[in-house]
Amino acid sequence: MASAAPDATEAGIEVLGAGGNAVDAAVASALALAVVHPNAGNLGGGGFAVIRSDGVVRTLDFRETAPAAATRDMFMEDLGQSASGGSLVGPLAAGVPGSPAGLYELHRRLGRLPWSRVVAPAVRLARDGFVVNRRLAWKLEGSKDLLSLFPETASVWLPEGEAPLAGTVIRLPVLARTLQAYSDRGPEAITIGEVARAIEAASSRHGGVLTAADLAEYRPVWREPIRFEAFGWEVASMGLPSSGGIILGQTLGLLERVGWADKARFGADRVHLLAEVWRRAYADRFQLGDPATSVAGWRDLLAEAWLDRRAADILIERATPSDEIFAWQPRGQEKDETTHLSVVDADGGAVALTTTLNGNFGCGLLVAEAGFLLNNEMDDFAARPGEPNQFGLIQGEANAVAPGKRMLSSMTPTIAWTKGRVMALGAPGGSRIPTGTAQVFLNVVVDGDELQAAVDRARVHHQWRPDVLWAEDDALSPETRAVLEQRGHTVMIGGGVGLVQVVVRGLDGVVEAVADPRGPGSAAVLRSSAKEKK
Ligand code: GLY
């Protein structure tokens with residue numbers, strides 16, 4: 001199993017060791033992340049899970065929704081993003097949390113162990129304490145401005161006004177109480193009654209519109225997975241309201257059409273083709289939104305005819321300016337903080353689960369009586385259509401704010417399999433999630449990399465607009481960069497492209513797990529009674 005924090009990986013392994021299946025481990029790990037990885041793990045946010053068990057693939061959407069009082073224009077006026085009131089900071093930025101009902105539903109339908117056993121590691125971590133690692137200390141220090149805006153948050157995460165140093169033991173008694181109630185009574189312990197009323201009061205005190213009624217009405221949704229074949233593997237990924245699976249499917253389908261696998265591994269052609277494919281996939285993303293309002297669906301964008309047409313105008317000798325690429329049209333009208341965990345169990349059952357508060361520490365407001373932070377997922381809507389969001393994404397009407405609607409995501413929890421091998425993978429990284437996930441998949445499947453090497457390798461990213469090809473340090477040699485610039489790409493170096501957590505079960509039944517070294521993650525494998533850690 002691989003997750004973003006050693007304590008959370010340990011929670012999943014503990015539950016597997018107790019006879020749990022991949023779903024039990026995923027939920028235990030996700031709840032542990034809500035304690036030890038507060039910048040992204042959560043009860044106050046949402047996410048998606050792709051699950052394969054007994055040969056059946058399912059996906060669960062527990063994405064946040066816009067509160068009932070949300071309006072299309074609520075973020076049009078520029079209230080500034082440093083004060084409470086915008087789509088990023090403070091509870092107006094918060095969607096209705098989906099994690100409490102979503103994680104419970106995932107376990108209710110597909111878990112094996114009792115619910116209380118799965119929640120137990122998270123309760124223990126919050127109640128007895130955990131050690132702040134260097135990465136969390138650094139994140140807290142870097143987010144001091146946000147966390148100190150709200151006294152409720154500062155009193156927990158900035159004791160005496162300072163971020164805790166690495167090595168400090170933190171205990172979270174209020175969160176432990178909330179988790180214990182969740183263990184005893186399920187999601188209603190959070191979505192109905194005292195905690196729900198406290199969430200409404202905290203939101204309202206700081207200018208938000210989230211209500212206890214929004215919480216009570218929230219429902220996770222089981223959705224049809226996106227299914228496609230690529231490079232000899234069957235792939236299942238997340239559909240709307242995430243764009244992630246669609247972008248992954250377009251990426252792999254277009255790369256097959258343009259002969260990507262046959263190009264030299266370290267030359268400019270492969271990077272050029274990735275950029276050309278992503279310009280087109282992210283242009284089509286403009287038409288996506290909540291399934292109820294999306295202009296296009298995955299069957300439109302992954303249709304053979306559309307992929308053929310998209311591939312037809314990709315040139316090897318020159319970049320297509322993004323301004324010349326228009327999004328899919330109906331026929332006749334011609335930060336970055338999310339967290340991903342992957343787990344595969346001894347029976348080949350697999351879960352890829354991505355969960356998020358959106359930005360680091362979400363909207364910054366911690367509900368004192370509940371002990372957890374609220375998300376700032378409203379920024380994933382086209383909050384101000386035509387203007388880029390925090391990930392630089394420009395989005396369309398299909399993703400405008402409306403009450404009860406789910407905001408478009410890029411999360412890409414994915415399970416792929418072929419001839420007895422199973423791979424679960426995904427990443428955080430905002431708009432860079434699908435591109436980071438795709439590159440690790442390609443490194444394993446096309447180039448046959450060892451799993452660690454596949455994750456380590458430097459990555460690139462393009463998202464249509466802005467018309468920039470980003471490259472991690474060391475992704476491009478000076479010669480490759482020069483060729484790409486000659487072909488018309490604007491290359492920028494810097495920033496990571498996702499933190500990919502991946503687990504593979506091989507033909508021999510041996511499981512390998514790798515956590516991305518770019519982040520704080522950890523991977524571990526349970527081998528009969530002994531466990532091996534990486
Ligand atoms: N909040 C990042 C995403 O959902 O894509």
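The values are calculated or read from the model by the stated rules, or taken from the named source; none is laboratory data. Bear in mind the structure is a predicted one, so any value in this text is a computation, not a measurement. In this analysis, Cβ positions are derived from the backbone assuming ideal geometry, glycine residues included, and neighbour counts consider all displayed protein chains.
Quick notes
- Filtered residue count, segment 338-363, keeping only those that are within 15 Å of the ligand (Cβ to nearest atom) and surrounded by 24 or more Cβ atoms within 10 Å (Cβ to Cβ): 14
- When residues of segment 382-418 are limited to those that are among the hydroxyl-bearing types (Ser, Thr, Tyr) and within 16 Å of the ligand (Cβ to nearest atom), the one farthest from residue 71 (Cα to Cα): 414
- Residue count for segment 24-38 under the criterion of being touching a Ser or Thr at 6+ places or on another chain (Cβ under 7 Å) and either aromatic (Phe, Trp, Tyr) or in a helix (DSSP H, G or I) (or both): the result is 3.
- From the list 280, 309, the lone residue that is buried (at least 16 other Cβ atoms within 10 Å of the Cβ) and modelled with pLDDT of 95 or more is 280.
- Segment 487-514 residues that are under 25 Å from residue 317 (Cα atoms), paired with ones that are surrounded by fewer than 22 Cβ atoms within 10 Å (Cβ to Cβ) and among the basic types (Lys, Arg) (beta carbon under 8 Å, 6 or more apart): 487/318; 488/318; 491/481
- If the condition is being small (Gly, Ala, Ser) and away from the ligand (no atom under 16 Å from the Cβ), then segment 420-454 contributes 420, 424, 448, 453, 454.
- Any chance residue 43 is in a loop (DSSP other than H, G, I, E, B), within 20 Å of residue 98 (Cβ to Cβ), at pLDDT 95 or above and not charged (D, E, K, R): yes
- Comparison of 72, 135 shows that the only residue that is surrounded by 15 or more Cβ atoms within 10 Å (Cβ to Cβ), over 28 Å from residue 219 (Cβ atoms) and among the charged types (D, E, K, R) is 135.
- Test: residue in segment 104-120 that is in a loop (DSSP other than H, G, I, E, B), within 16 Å of the ligand (Cβ to nearest atom) and either touching a helix residue (DSSP H, G or I) at 6+ places or on another chain (Cβ under 8 Å) or at pLDDT 95 or above (or both): no
Residue by residue, here is whether (1) surrounded by 23 or more Cβ atoms within 10 Å (Cβ to Cβ); (2) at pLDDT below 95 holds:
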position: 56; (1), (2): no, no
position: 66; (1), (2): yes, no
position: 85; (1), (2): no, yes
position: 90; (1), (2): yes, no
position: 93; (1), (2): yes, no
position: 97; (1), (2): yes, no
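- Residue among 242, 203 that alone is touching a Pro at 6+ places or on another chain (Cβ under 7 Å), within 30 Å of residue 44 (Cα to Cα) and surrounded by 23 or more Cβ atoms within 10 Å (Cβ to Cβ): 203
- Look at segment 227-247: where a residue is within 16 Å of the ligand (Cβ to nearest atom) and a partner is charged (D, E, K, R), sitting 6+ places away or on another chain with Cβ atoms under 6 Å, you get 239/223; 241/63; 241/290; 241/406; 243/285.
- Condition check for residue 287: within 14 Å of the ligand (Cβ to nearest atom), over 30 Å from residue 510 (Cα atoms) and crowded, with 17+ Cβ neighbours inside 10 Å: no
- Qualifying residue in segment 303-320 (condition: away from the ligand (no atom under 16 Å from the Cβ) and within 30 Å of residue 503 (Cβ to Cβ)): yes
This table checks each residue for (1) within 19 Å of the chain's Cα centre (by Cα); (2) not β-branched (Val, Ile, Thr).
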position: 492; (1), (2): no, yes
position: 496; (1), (2): yes, yes
position: 500; (1), (2): yes, no
position: 503; (1), (2): yes, no
position: 506; (1), (2): no, yes
position: 512; (1), (2): no, yes
position: 516; (1), (2): yes, yes
position: 522; (1), (2): yes, yes
position: 526; (1), (2): no, yes
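- Sole residue being within 30 Å of residue 194 (Cα to Cα), touching a Ser or Thr at 6+ places or on another chain (Cβ under 9 Å), modelled with pLDDT of 95 or more and among the small types (Gly, Ala, Ser), chosen from 438, 424, 370, 416: 370
- The condition of being in contact with a Gly (Cβ under 6 Å, 6 or more places away or on another chain) and closer than 26 Å to residue 45 by Cα holds for only one of 425, 393, 408, that being 408.
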